[in-house]
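These notes are about the structure you will find just below.
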Amino acid sequence: MVWTALQKYSTMFIRFFSGIILARLLTPYDYGCIGMLSIFMVLADTFIDGGFGSALIQKKRPTQEDYSTIFWWNLGMAALMYAILFISAPVIARFYNTPILCVVLRVQGIVLFTHALNLIQQNKLKKKLNFKLLSIVSIVITVINLVITIILAYKGFGVWALVAQNLIGSALYSLVFWFYVKWRPSWIFSWKSFKELFDFGFYMFLTHLINSFSGQIQGLLIGKKYNPSTMGYYSKASGTESLASHSISSIMTQVTYPLFAEVQDDKVVLSNMIKRLSMTLSYITFPMMFILLLCAKPLFVLLYSDRWLQSIPYFQVLCFAGLAGCLQSANLQAIAAIGKSKTMFVWTLLKRGVGIGAIVLGMVFFGMKGLLGGMVLNAWFSYFVNIGLVSKHVGYKFWRQILDLLPVGIVALIAAAVSFGVGHLLHLSMYPDGLVKAGVYAVIYLGWSFIFKPEAYTYFLTIIPDRFKLFKKLKKNKKQDN
């Protein structure tokens with residue numbers, strides 16, 4: 001988890017820093033063009049993986065025949081998806097009434113091939129829990145890629161700088177993983193292996209497909225009804241929110257999924273793992289999201305300039321969805337780890353059907369505010385469905401999970417209300433107001449943690465390596481001196 005955290009936060013910091021620079025070099029229109037195409041790229045990518053990556057990790061002892069079969073499947077699907085995108089590009093450009101999207105999609109679609117080439121290598125590293133190599137490669141490539149992107153943006157390439165960012169990053173990943181991971185596909189495609197992995201992977205694929213479509217549907221709607229600049233404002237708000245809400249959860253769940261798969265037959269151990277993961281995630285993510293919500297205006301102006309002020313209300317609403325989003329993956333991965341892929345698919349149909357309905361109806365009746373509100377409802381409804389599935393199939397009961405997370409939620413909400421009230425009474429200028437709100441929130445939340453030592457706080461301390469526990473070191477040294 002330490003290596004995964006190093007990777008995530010290093011790349012997050014690098015991208016965050018470069019995002020500040022790019023936001024000043026590029027326009028909302030540039031970001032909007034990429035955002036309009038994201039639904040098609042994400043769906044094509046989902047077809048390439050087809051859920052087989054999860055199936056290979058879930059299978060305890062995959063063979064060379066298994067890996068080779070899925071490699072050739074990934075490559076064949078990449079060719080098919082690119083052909084579909086290439087042919088459909090003019091239609092998509094006309095749909096959005098933005099002609100440049102035709103050539104942009106055709107060029108950006110090349111990334112499907114480079115992604116397909118390194119999926120097996122990445123899965124093998126994850127299967128072996130070799131997150132050290134994954135982390136080092138990711139950090140180095142991120143630095144190289146973003147330096148090139150910033151240079152292109154500075155030279156005036158506009159949207160093509162963002163296209164190059166996707167292409168160069170994926171190509172570098174493929175080159176490095178093929179060099180370091182000494183695995184090569186055999187010239188074999190086994191229908192037996194395909195069928196075995198397909199039985200699990202097919203429903204995972206359908207689940208990922210539905211999730212991907214529902215996760216991108218708002219971009220399709222915004223791009224159709226509004227202009228590329230509005231799509232750009234939304235993309236910046238959504239990207240900033242996701243950076244915060246999913247940064248912690250993605251670190252932990254990347255590590256825990258293969259571990260969940262290893263203990264899938266012991267429901268008691270699995271329940272305890274879900275509990276610890278969920279409580280730790282809530283303890284870290286809840287205060288972070290509330291502080292970002294309270295300090296949204298100074299944050300966006302400081303980082304992105306006044307050009308992106310229109311993104312702020314979008315970002316603040318999305319923070320409420322992020323509170324639920326950060327907790328979903330732990331429960332979802334537990335269901336996947338015990339092999340309930342069909343169950344996941346059936347319930348995903350229900351969740352996403354309700355979610356898409358809420359988003360579409362919200363936009364029809366209330367515009368952008370309604371669409372964002374629908375996203376919040378979708379996130380929380382999905383979370384409650386997920387913990388219901390865990391309650392039924394794993395044994396970590398629905399109300400037990402709610403009660404375990406309730407103390408953190410209540411304190412996080414109280415701290416936010418007090419911080420907002422203090423800021424409202426003081427009437428400070430923008431930056432001092434943000435600092436005061438964040439400071440008041442931190443004092444209340446950390447004071448509660450140190451004084452009452454809630455269970456979520458003790459779980460959080462257990463994931464910190466001993467060498468980083470300053471107070472523990474000082475206390476130990478004092479005892480030795482005595």
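Just a few scattered comments:
- For the stretch 305-337, a residue qualifies if it is among the aliphatic types (A, V, I, L, M), more than 20 Å from ALA358 (Cα to Cα) and either open to solvent by less than 30 Å² (accessible area, probe 1.4 Å) or touching a helix residue (DSSP H, G or I) at 6+ places or on another chain (Cβ under 6 Å) (or both), and the qualifying residues are ILE312, LEU327, ALA330, LEU332, ALA334, ILE335, ALA336, ALA337.
- Residue match in the stretch 434-446 (condition: at positive phi and more than 27 Å from the chain's Cα centre (by Cα)): no
- In the stretch 383-406, the residues that are open to solvent by 60 Å² or more (accessible area, probe 1.4 Å) and farther than 17 Å from ILE335 by Cα: TRP399, ARG400, LEU403, LEU406
- Considering residues of the stretch 339-365 that are open to solvent by 20 Å² or more (accessible area, probe 1.4 Å) and modelled with pLDDT under 80 only, the residue nearest to GLU241 (Cα to Cα): PHE345
- Some residue of the stretch 393-402 being β-branched (Val, Ile, Thr) and more than 30 Å from ALA358 (Cβ to Cβ): no
- Among the candidates LEU323, LEU299, LEU332, residue that is over 20 Å from the mean Cα position of the chain (by Cα) and of a type outside the set (S, T, N, Q): LEU299
- Here VAL376 clears all of (1) surrounded by 17 or more Cβ atoms within 10 Å (Cβ to Cβ); (2) out of contact with any Ser or Thr (no Cβ under 7 Å at 6 or more places or on another chain); (3) farther than 29 Å from THR230 by Cα except the condition numbered (3).
- Within the stretch 63-122, tally of residues that are open to solvent by 50 Å² or more (accessible area, probe 1.4 Å) and not in a helix (DSSP H, G or I): 5
- Test: residue in the stretch 168-175 that is open to solvent by 60 Å² or more (accessible area, probe 1.4 Å) and among the polar types (S, T, N, Q): no
- Exactly one residue out of ILE120, ILE87, ILE100 is more than 21 Å from THR230 (Cβ to Cβ), modelled with pLDDT of 85 or more and of a type outside the set (Lys, Arg), and it is ILE87.
- Pairing residues of the stretch 157-186 that are under 13 Å from THR142 (Cβ atoms) and aliphatic (A, V, I, L, M) with residues that are assigned to a helix (DSSP H, G or I) and open to solvent by 20 Å² or more (accessible area, probe 1.4 Å), at Cβ distances under 9 Å and at least 6 apart in sequence or on separate chains, gives ILE168/ILE144; ILE168/ILE148; LEU172/THR114; LEU172/VAL140; LEU172/ILE144; VAL176/VAL140.
- Scoring ALA93 on the criteria (1) at pLDDT below 75; (2) farther than 22 Å from THR207 by Cα leaves a single failure, condition (1).
- Within the stretch 430-473, the set of residues being over 27 Å from PRO298 (Cβ atoms), at pLDDT 90 or above and open to solvent by 100 Å² or more (accessible area, probe 1.4 Å) comprises PHE450, ILE451, PHE452, LYS453.
- Criterion applied to LEU302, LEU292 was being closer than 30 Å to GLY439 by Cα, at pLDDT below 90, open to solvent by 20 Å² or more (accessible area, probe 1.4 Å) and not charged (D, E, K, R), and the one residue passing it is LEU302.
The values are calculated or read from the model by the stated rules, or taken from the named source; none is laboratory data. Keep in mind it's a predicted model, so treat the numbers as computed, not measured. Positions of Cβ are generated from backbone atoms using ideal geometry, with glycine treated the same way; all protein chains shown enter the neighbour counts. Calculation scope for accessible area: heavy atoms of the full protein, side chains included, ligands and nucleic acids excluded. Shrake-Rupley method; radii C 1.70, N 1.55, O 1.52, S 1.80 Å.
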